[in-house]
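What follows is a set of notes on a single structure, which appears directly below.
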Amino acid sequence: MVGQTENVVIESLERAPAIVVPLVRQAPKETLKRRPSARKWSIHEHACHLADVQPLMWHRLELILSDEEPLIRSYDPGRDDPDDRLLQIDLDDALERYVRDRARLVERLRQLDESAWHKTARHDEYNSYSVHAMFRHLALHDFFHAYRIEELLLRRDWPPPLGLINEDNTRRHR
């Protein structure tokens, strides 16, 4: 049995794709890969990044749960990846992976007991790190990127977002 704060984290992680995917689907095709400036990400890149971090977080969880003294290496796409890597990823595939991998992760997190949520690791960037902190961070990370996507959708100098999104994440026509 886990506490209320862990359940809130799990619920946030579970709900994030239902916010992110419709936001991305509202983007006109001509703005999906448009960067607001040279070193800032496009909607496409934000969305693909969210899909890409799922396996990393799964690996970190398994490392923390199985290793006596786990060490987590930070990941910074600006430092660790070529600048255009995310632009090369198929967006539809990435969104499908994000939804599928997140559901799998949520199911795994629901299986953890209280002691697993409190297991810790050393992290090369943070002064403390636990399973709980890692997944709270991931939930906040999702919403940070959702916010960035929405900022781009609503730019005054870009075309407006497309109409509402259907239940199956397809676009409704204007």
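The values are calculated or read from the model by the stated rules, or taken from the named source; none is laboratory data. This one's a predicted model, so the numbers in the text were calculated from it and none came from an experiment. Please note: Cβ atoms are built from the backbone with ideal geometry, for glycine as well, and neighbour counts cover all protein chains shown. Heavy atoms of the whole protein, side chains included, go into the accessibility calculation; ligands, DNA and RNA do not. Shrake-Rupley method; radii C 1.70, N 1.55, O 1.52, S 1.80 Å.
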Subject >> Hits in segment 74-96 - residues which are surrounded by 11 or more Cβ atoms within 10 Å (Cβ to Cβ) and either under 19 Å from residue 58 (Cβ atoms) or touching a His at 6+ places or on another chain (Cβ under 7 Å) (or both) >> reply: 75, 77, 81, 86, 87, 89, 91, 93, 94, 95, 96
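Considering only segment 149-167, I want to know if a residue exists there that is outside any loop (DSSP other than H, G, I, E, B) and touching a Gly at 6+ places or on another chain (Cβ under 9 Å).
For segment 149-167, residues outside any loop (DSSP other than H, G, I, E, B) and touching a Gly at 6+ places or on another chain (Cβ under 9 Å): absent.
For segment 54-72, how many residues are over 21 Å from residue 14 (Cβ atoms) and either touching a Phe, Trp or Tyr at 6+ places or on another chain (Cβ under 9 Å) or surrounded by 11 or more Cβ atoms within 10 Å (Cβ to Cβ) (or both)?
Applying the first criterion (over 21 Å from residue 14 (Cβ atoms)) to segment 54-72 yields 63, 66-72.
With either touching a Phe, Trp or Tyr at 6+ places or on another chain (Cβ under 9 Å) or surrounded by 11 or more Cβ atoms within 10 Å (Cβ to Cβ) (or both) added as a condition, the list becomes 63, 67, 70-72.
Within segment 54-72, residues that are over 21 Å from residue 14 (Cβ atoms) and either touching a Phe, Trp or Tyr at 6+ places or on another chain (Cβ under 9 Å) or surrounded by 11 or more Cβ atoms within 10 Å (Cβ to Cβ) (or both) number 5.
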Subject >> Residues of segment 67-102 classified as within 27 Å of residue 128 (Cα to Cα) and either of a type outside the set (Phe, Trp, Tyr) or over 16 Å from the mean Cα position of the chain (by Cα) (or both), total >> reply: 16
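From the list 95, 105, 87, pick out the single residue that is among the hydrophobic types (A, V, I, L, M, F, W, C) and either in contact with an Asp or Glu (Cβ under 8 Å, 6 or more places away or on another chain) or free of Cβ contacts under 8 Å to residues at least 40 places away in the same chain (or both). Break it down stepwise before answering.
On the way: 95 fails: either in contact with an Asp or Glu (Cβ under 8 Å, 6 or more places away or on another chain) or free of Cβ contacts under 8 Å to residues at least 40 places away in the same chain (or both); 105 fails: either in contact with an Asp or Glu (Cβ under 8 Å, 6 or more places away or on another chain) or free of Cβ contacts under 8 Å to residues at least 40 places away in the same chain (or both).
After ruling out the rest, the residue left standing is 87.
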Original post:
Can you tell which of 95, 65, 105 is assigned to a helix (DSSP H, G or I) and within 17 Å of residue 123 (Cβ to Cβ)?
Top reply: 65
Original post:
Limited to segment 108-125, what total is found for residues that are in a loop (DSSP other than H, G, I, E, B) and in contact (Cβ under 8 Å) with a residue 40 or more places away in the chain?
Top reply: 6
Subject >> Residues of segment 127-163 that turn out to be free of Cβ contacts under 8 Å to residues at least 12 places away in the same chain, hydroxyl-bearing (Ser, Thr, Tyr) and touching a helix residue (DSSP H, G or I) at 6+ places or on another chain (Cβ under 9 Å), as a count >> reply: 0
Original post:
Which ones in segment 1-32 are among the small types (Gly, Ala, Ser) and either in contact with a Lys or Arg (Cβ under 8 Å, 6 or more places away or on another chain) or under 14 Å from residue 137 (Cα atoms) (or both)?
Top reply: 12, 16
Subject >> Residue list for segment 123-174, restricted to those being polar (S, T, N, Q), farther than 19 Å from residue 19 by Cβ and either modelled with pLDDT under 95 or open to solvent by 30 Å² or more (accessible area, probe 1.4 Å) (or both) >> reply: 127, 128
Original post:
Across segment 27-53, which residue is farthest from the chain's Cα centre (by Cα) among those that are assigned to a loop (DSSP other than H, G, I, E, B), crowded, with 19+ Cβ neighbours inside 10 Å and not hydroxyl-bearing (Ser, Thr, Tyr)?
Top reply: 27
**OP:** Collect the residues in segment 66-89 that are of a type in the set (Val, Ile, Thr) and touching a Lys or Arg at 6+ places or on another chain (Cβ under 7 Å), keeping them in residue-number order.
**Re:** 72
